[in-house]
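In what follows, a single structure is set out as structure tokens and then discussed.
The values are calculated or read from the model by the stated rules, or taken from the named source; none is laboratory data. Predicted, not measured: the structure shown is a model, and the values here were computed from it. Note: ideal-geometry Cβ built from the backbone for every residue, glycine included; neighbour counts use all protein chains shown.
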Amino acid sequence: MYDTVQSEAVFFLACIAAGAITAFLYDIVRISRRIVRVSDLAVNGQDILFFALAAVILFYTAFIKNSGEVRLQGFLGGALGVFGYGFFVRNRFVNLGTTAVKWIIKSLLFVLRIVAFPVRILFKALKKPVRIIAWYTGCALRRARRVAKCQKERAKIRLSVANLRRRKK
């Protein structure tokens, strides 16, 4: 009898943990929505993926800990885990997580600016010579096109003159 009560208690605690983990995963989705504004379609897609993942987590818990039996105590344990997490942790975690992710992004952008500084200076230094080379190259290409067009017209004229001479004979 003691073994049965112990296994039921372990199942109940596992359901509480699964509910808390599910709420934690939803808070990660909330943090991502606070940082990056997305369209309603993307929000719906995120929600569908979250609910699919939550179903997998909860049914996996029921399968492993209770041999696949779905019981009321499993649902109650999951709900208790979600509400317990929400009452004790949720808003603090979301605010802290949002602040931390924004700080990390700002730090990475700062490091990227520092690393990109020499590259920007190099591009500014090469801007004038590249423009000059591009201008001369463009002039040469325009000149080559004109010459080719003139050669084509000259070839047409020579061909027509040759045809006229041939007809006269």
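Would you say Phe51 is modelled with pLDDT of 85 or more, surrounded by 12 or more Cβ atoms within 10 Å (Cβ to Cβ) and of a type in the set (Phe, Trp, Tyr)? Yes. Only one entry of Lys124, Lys65, Lys149, Lys128 meets the criterion of being under 30 Å from Gln6 (Cβ atoms) and either under 29 Å from the mean Cα position of the chain (by Cα) or in a helix (DSSP H, G or I) (or both), and that entry is Lys65. Selection within region 113-122: residues that are at pLDDT below 90 and not charged (D, E, K, R). The member of this set that is farthest from Ile35 (Cα to Cα) is Leu122. Annotation: Glu8 fulfils all but one of (1) among the charged types (D, E, K, R); (2) within 28 Å of Thr98 (Cα to Cα); (3) assigned to a helix (DSSP H, G or I); the unmet one is (2). With the structure loaded, tell me whether Asn91 is at pLDDT below 85 and surrounded by 10 or more Cβ atoms within 10 Å (Cβ to Cβ) or whether it fails that test. Yes.
What residue, among those in region 73-95 that are assigned to a helix (DSSP H, G or I) and β-branched (Val, Ile, Thr), is nearest to Ala55 (Cα to Cα)? Checking each candidate, the answer is Val82.
You will find that of Thr61, Thr137, Thr98, the residue that is at pLDDT 80 or above, farther than 30 Å from Val36 by Cβ and not hydrophobic (A, V, I, L, M, F, W, C) is Thr61 and no other. The criterion of being loosely packed, with under 15 Cβ neighbours inside 10 Å, assigned to a helix (DSSP H, G or I) and in contact with a helix residue (DSSP H, G or I) (Cβ under 9 Å, 6 or more places away or on another chain) holds for Tyr60. Flag set for Ala14, criterion: assigned to a helix (DSSP H, G or I) and in contact with a Lys or Arg (Cβ under 7 Å, 6 or more places away or on another chain).
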